[in-house]
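> Sending over a structure as structure tokens; questions will come in a sec.
The values are calculated or read from the model by the stated rules, or taken from the named source; none is laboratory data. Quick caveat: nothing in here was measured; it's all calculated off a predicted structure. Every residue, glycine among them, receives a Cβ derived from its backbone with ideal geometry; neighbour counts consider all protein chains shown. For accessibility, only protein heavy atoms count, side chains too; no ligands or nucleic acids. Shrake-Rupley method; radii C 1.70, N 1.55, O 1.52, S 1.80 Å.
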Amino acid sequence: MRRSTAVVLGGSVAGLCAAGVLARHFEEVIVLERDQLPPGAEHRRGVPQSKHPHFVLNSGRRAIGEIFPGFEEALLAAGGMLLMPSMDAAYCEKAGWAARKSSSMTMIYSSRVLIERVLRDKVREVDNIVIREGVTVTGLVTDGGGTPTGRVTGVEYRDGEESGTLAAGFVVDALGRGSSVADWLAAAGWEAPSERTLDAKVTYTSRWYDLPSAEDRPASWWWQHLVITPTQDTGPHPDEHDYLSNFFPIEGNRVIVCMGSWGLEMPRKPQEFEAAADRVRTPVFGEATRACTPLSEVHLTRSTGNKWRRYDELAQPPLGLVAIGDSICAFNPFYAQGMSSAARSALVLAAMLERHDSLDAAFHRDFLAGQKESLDVPWMLAMARDQAYDFATGTEVVAPWRRKLAAKASWPVFNAITAAAAEDPYVDELFTAVFNLDRSLKEMMTDPRFLYGLARHRVRSMLGRTKVPSGFDIDQLPPATDYTDPDQPREPATTAAPAEA
Ligand SMILES: Cc1cc2nc3c(=O)[nH]c(=O)nc-3n(C[C@H](O)[C@H](O)[C@H](O)COP(=O)(O)OP(=O)(O)OC[C@H]3O[C@@H](n4cnc5c(N)ncnc54)[C@H](O)[C@@H]3O)c2cc1C
């Protein structure tokens, strides 16, 4: 049975995914978005983070594809590039350049603005979704706030000079990190959800560049993506050695050069930016940056703390409203989890709308439990690293001994896993599944075959019997040799030709 009207607050990734799901269950879905949405892949005020690189993890890619069949093909057709990072990216790890070798992970590289443009195109193909642009949501219409039957029944908005209300059978809050919905609910009588927070003071600084054309690139550029992890060296070194740096290819023969750090001041001006790129651990990063032509200013953001509003813990959660995307749970972007978590939450919503005839307390209880289970997976991953920093603030700061343990163990464990993954397909596949949110960190760290794989690799490496070398000199070019085991061949990813967005 189709329900009447659903209203989605916010027309970015989470809002569009929610609209796609709701369109199968409601006669009409209205998306209220404050910005005028550009027809093409362009930046806009409401999504300032689009200036920085955005990965869609595999689970997010699949989730979006379930909601909007053909999403992946459309993204590739618009210029996204399907690459296999272990073959197409050069990784500067603790010990040096990693060996190039095929693995189980593929990724579509594109800009965030292209992802959104393709999503908007998909939404516009759905007849019963209407996007109302230039409309600011200003409040909620509610009934019986905080009581067992308390329900959200509509929204208040401003459209230019006009203010109005819109009745809704169901409301989805997808207003992003800065959503005021929890405050509006509290003003209407509901208990405010408690917030779990951890701000590890991550700062991103990014600049867009044109790449040299394929013919003009140095012959040594077999790679399309450069990743430089922090040094892990505890001796004196330039700040830039602690950066996590990316030379991130996007559509239209362009690249986003991005440097990020936990807790450091980052460059804001073009000259400082390029000087910092030159001081990154390997000279290849600065040289590659200088070989490109700048297209933008330097963009810097500090809006990166982890924050989870725990609606699932409320004794009387509001009926008629759910929150998805950054409005409920925003992450440190280093882990690339935000868009995928939003799309996964939209699939939880789809499952619950299938399962329940009525949008009653049981529906909301089941949705919140399912969403919590889904969000636990990325949240645990983010905590595992961010809890290691003394300067992190928030409710999830741990005791000093746990902080020390996390600081000491997290990179070595990561290094051990990536080294073992290069030789052991089981370790590779489970790690890829965890990175892509298909399995949890806990499942991985308690999996006997996985632990055996790590131990076996350790012993082999102590005996000098590993097959895939590692630790190539970072003052030299990343080695192009393909170390894929011929006994375990994998299909290489296909690379779409660059196209204009
Ligand atoms: C630097 C950085 C890098 C990132 N990298 C990645 C990455 O690699 N991979 C990844 O998955 N995620 C990444 N993220 C996270 C990702 O950007 C977010 O998780 C994602 O955008 C969340 O989408 P959303 O729809 O919930 O919110 P948003 O994208 O923030 O959208 C909120 C929408 O609500 C609208 N809006 C706001 N207020 C109102 C109002 N009152 N009325 C009407 N409309 C309103 C806004 O205009 C906007 O369209 C990154 C984030 C940052 C900051």
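> Can you confirm whether Ala369 is of a type outside the set (Asp, Glu), exposed (fewer than 14 other Cβ atoms within 10 Å of the Cβ) and without any contact (Cβ under 8 Å) to a residue 12 or more places away in the chain?
Taking the combined requirement at face value, the residue does not satisfy it.
> Further, regarding this structure: Checking the structure you have, find out if any residue of segment 48-70 is out of contact with any helix residue (DSSP H, G or I) (no Cβ under 8 Å at 6 or more places or on another chain), without any contact (Cβ under 8 Å) to a residue 12 or more places away in the chain and open to solvent by 20 Å² or more (accessible area, probe 1.4 Å).
Yes, the conditions are met somewhere in segment 48-70.
> Next up: Can you find a residue in segment 217-225 that is aromatic (Phe, Trp, Tyr) and under 21 Å from Val47 (Cβ atoms)?
Taking every residue of segment 217-225 in turn, none turns out to be aromatic (Phe, Trp, Tyr) and under 21 Å from Val47 (Cβ atoms).
> Just one of (1) within 24 Å of the chain's Cα centre (by Cα); (2) in the same structural domain as Leu226 (by TED's automatic domain parsing); (3) charged (D, E, K, R); (4) open to solvent by 40 Å² or more (accessible area, probe 1.4 Å) trips up Asp312, so point out which.
Status for Asp312: all satisfied but (2).
> Which count do you get for residues in segment 412-446 that are of a type in the set (Val, Ile, Thr), in a loop (DSSP other than H, G, I, E, B) and modelled with pLDDT under 95?
Residues flagged as of a type in the set (Val, Ile, Thr), in a loop (DSSP other than H, G, I, E, B) and modelled with pLDDT under 95 within segment 412-446 amount to 0.
> Conditions: (1) crowded, with 20+ Cβ neighbours inside 10 Å; (2) at pLDDT 95 or above; (3) not in a strand (DSSP E or B). Val137 meets all but one. Number of the miss?
Of (1) crowded, with 20+ Cβ neighbours inside 10 Å; (2) at pLDDT 95 or above; (3) not in a strand (DSSP E or B), only one is false for Val137: (3).
> Could you please let me know if Glu423 is surrounded by 20 or more Cβ atoms within 10 Å (Cβ to Cβ), touching a Ser or Thr at 6+ places or on another chain (Cβ under 7 Å) and of a type outside the set (Val, Ile, Thr)?
Here the answer is yes, as Glu423 does meet what is asked.
> Condition test on Leu381, is it modelled with pLDDT under 95 and open to solvent by 20 Å² or more (accessible area, probe 1.4 Å)?
It is true that Leu381 is modelled with pLDDT under 95 and open to solvent by 20 Å² or more (accessible area, probe 1.4 Å).
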